[in-house]
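The block underneath contains the structure these notes are about, expressed in C-alpha cells.
The values are calculated or read from the model by the stated rules, or taken from the named source; none is laboratory data. Predicted model, so just to flag it, every value in this text is computed and none were measured. Note: ideal-geometry Cβ built from the backbone for every residue, glycine included; neighbour counts use all protein chains shown. With ligands, DNA and RNA removed, areas are computed over all heavy atoms of the protein, side chains included. Shrake-Rupley method; radii C 1.70, N 1.55, O 1.52, S 1.80 Å.
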Amino acid sequence: MSAHEKTFPPDFTFGVATSAYQVEGGIENDWSEWERAGKLKEAHARCGLAVDHWNRYEEDYGLARDAGASAFRMSLEWARVEPERGKLDGAVLEAYRERLKKMAAYGLRPVVTLHHFTHPTWFHRETPWHLPESVEAFRAYVRACVPVLRGLDALVITLNEPMVLLLGGYLQGLMPPGLTDRTKLVAALENMVRAHVAAREELHTALGPVPLGTAQNMMDFAPDRWWHPMDRALVRLGTQAYNHTFHEALMSGRLRVNMPGVATADLEIPGARDSCDFIGINYYTRAHLRFVSRAPYLDFRFKDIHRRGLTDIGWEDWSEGFGYLLRELKRYGRPVWVTENGIDDRHGQRRPHYIHQHLKQVLEAREHGVDVRGYLYWSLLDNFEWLEGWGPRFGLYQVDFTTLERRPTPARDYFREVATTRRLVSPGALGAAPSSSLYIGEAQPSAAR
Ligand code: IFM
C-alpha cells in the first residue's frame, strides 16, 4: 500500500446500516412502552410506523444499491420473533428469511444484528439482563433465528452498543429498563458478555463458523479541564471501560472493569476467550469528561473546540478521534468493520464532508496496518432516533415523515462516487456545497494525548 493511499482496495466493503425498531414500524416492544410512558424528550413522540421499512424493504434495498452499497446492516426484532415468552412467530421468521434472500439478490451482503437495544415486552419483567436467566432467554431467541441465517453469506453482530444500553438503562435510567442501580449494572454487563458467548455457541453449532462479532460504540475522550488531574484520570479510566471492556472480554475471556463509583468487576467468563471474529466500531464523536463530587463522579459534554460547528444533535465533529480509535484497535489483531458512522445533518449539506473526513481516517488507519474491511454508513434513511424521536436526520436519503417519500441527499451521490470508483475524491470535486466553516486549519489532538 502506498504511503498516501487514496483508493480503497476492491475487496473493501461500502455499505449502509439500519436497525429494526428505527425503520420497520408497527413493533410492540419495551421501547414502545417507554414512549407511552412519556419518556422521550418530546413526551408525545412515538415511533409508530417508523419509516415503514417493513413494507418498503424492497424499495429500500434498491436505494442502498443506488447509493453504491454492497452490504446492508439490519437487525432482527426479538419482539416480533418472540412476542410472548417461548412462543415463536413462524411467519415473522419466514418474512425475515425472505427479506435477507431478497437483499442478497440486490447484491447486498447482509450484516445481521441480533440485538439492537430493544426487547420483547416480557423481557424486563421476566428475565432482565441483571438475572442469569437472561442468558438462556437470549440463547433461545438466537436458536430460533438459526433458520433465518442458514446458507447466507452474512456477518453477524450479536449485540449492538451494549455499553450504551447498560449505561442508559442501568445507570442513568434514560432507556428501558430505566434503572439507576450500579449492582445490577455490573450483573447485566456480565450477562451480556455471557449472552454473546451463548449466541456464538448456538450459531456455530447449527451453522458452522459464521463470522461473528459485536458493534461497540466507541468515543474519543478528552479532559474537560486539561490541567485537572481528576478529569485526566477519568479520561484514562473511561476510555478503557467504555471503549475496551467488551473487546477485551471477548479476546481474553476475562471481564475487567475499573470505574470507581460506577462499576468494578474482574472475573473469567467461560467460552468468552477468542469469541469474536471481527471488531465492530460505531463512531460518532468525542466527549469531554469532568470530575464531579457526587456519584457517578463524572459528567460529560460535547465541545466545539475547533469551531467546526457541533452537529445538529449537538455532538462534536471530530474525525481525528476516529483515527485514534481505529489505530488502537490494531492491538486486537482482528479484522475491523466500521459498523456505524454518520452525522445528524438536518439540511444535508455537511454530510459529504463528514463522510470524506471519516473515510480519510479509514485509509490512514489501513496505512498503519489496521485491517479495516468495511464501512457502513449510519444510516440509509432518516429514522427514529430513540430519546430524540423524530428530530435528527442521519440518512443518505431524507425521509418525509408524513408521506414517507425517500429523497436522496447530496451525500448519497458522494457516497456512491466513492463506493463505485473506490477513490476518496473530495466532495468539492463533485460540486458538493463547500465545507464553509468546517476544518479551519489543522486540528490538534485531544488534550489528553
Ligand atoms: O441511531 C443510533 C443507533 O441506533 C445506534 N448507534 C448510534 C445511532 C445514532 O445515535
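Observations
- Using θ = phi - 60° in the Karplus curve 6.51 cos²θ - 1.76 cosθ + 1.60, the 3J(HN,Hα) couplings for region 131-148 round to 9, x, 4, 4, 5, 6, 5, 5, 4, 5, 5, 5, 4, 5, 7, 3, x, 5 Hz; x is entered for Gly and Pro.
- Within a Gaussian network of the chain (alpha carbon springs, distance under 10 Å), most fluctuating of L203, L185, L237: L237
- R393 contributes about 50 Å² of solvent-accessible surface, heavy atoms of the protein only, 1.4 Å probe.
- Members of K184/K303; K330/K360; K87/K184 lying beyond 25 Å, as alpha-carbon distances in this model show: K184/K303; K87/K184
- To the nearest 10, the accessible area of S293 is 100 Å² with a 1.4 Å probe.
- Coordinate range of the alpha-carbon atoms in region 187-325 per principal axis, descending: 51, 31, 21 Å.
- Per-residue SASA remark: K360, around 80 Å² accessible (1.4 Å probe; ligands, DNA and RNA not included).
- The residues of region 233-358 have, on average, 37 Å² of accessible surface per residue, using a 1.4 Å probe with all protein chains present.
- Region 116-175: C-alpha gyration tensor shape, a/c 1.5 cut-off, then a/b vs b/c: oblate
- At q = 0.11 Å⁻¹ the log10 of I(q)/I(0) for region 300-443 amounts to -0.43, computed by Debye summation with a single uniform scatterer per C-alpha, solvent ignored.
- Among H353, H53, H368, residue whose mean-square fluctuation peaks in a GNM of the chain (springs only between Cα atoms under 10 Å): H368
- Accessible area (Å², per residue) of region 79-232, counting only protein heavy atoms and a probe of 1.4 Å: 36
- Here the Karplus curve 6.51 cos²θ - 1.76 cosθ + 1.60, taken at θ = phi - 60°, turns the phi angles of region 180-189 into couplings of 10, 9, 6, 5, 5, 4, 5, 5, 5, 4 Hz, with x standing for Gly and Pro.
- Think of each Lys and Arg Cβ as +1 and each Asp and Glu Cβ as -1; about the Cα centre, that makes the dipole of the chain roughly 820 debye.
- Taking amide H positions as modeled 1.01 Å from N, with prolines and chain starts lacking one, the residues under 5 Å from Q216 and 5 or more places away or on another chain are E161, G280, I281, N282.
- Environment charge at L234 (Cβ cut-off 13 Å; Lys +1, Arg +1, Asp -1, Glu -1): +2
- Sequence-distant aspartates and glutamates (8 or more away, or on other chains) whose Cα lies within less than 13 Å of K101: E58, D153
- Shape category assigned to region 1-141 from the gyration tensor of Cα positions, a/c cut at 1.5: prolate
- Ordered by 1.4 Å accessible area with all protein chains kept, R225, R406, R182 run largest first as R182, R225, R406.
- Qualifying GluC sites (Glu not before Pro) in region 359-423, where qualification requires a DSSP coil assignment and no more than 16 other C-beta atoms within 10 Å, comprise E405.
- Exposure ranking of D266, D89 by accessible area [1.4 Å probe, largest first]: D266, D89
- When all alpha carbon pairs of the chain are counted in 10 Å bins from zero, the resulting P(r) reads 4, 21, 33, 29, 11, 1 %.
- Shape class for region 190-249, computed from the alpha carbon gyration tensor (a ≥ b ≥ c): prolate, with a/c not under 1.5 and a/b above b/c.
- D224 long-range amide H proximity, modeled H, under 5 Å: L289, R290
- Within the accessible area of region 293-396 (1.4 Å probe), percent carbon and sulfur: 47
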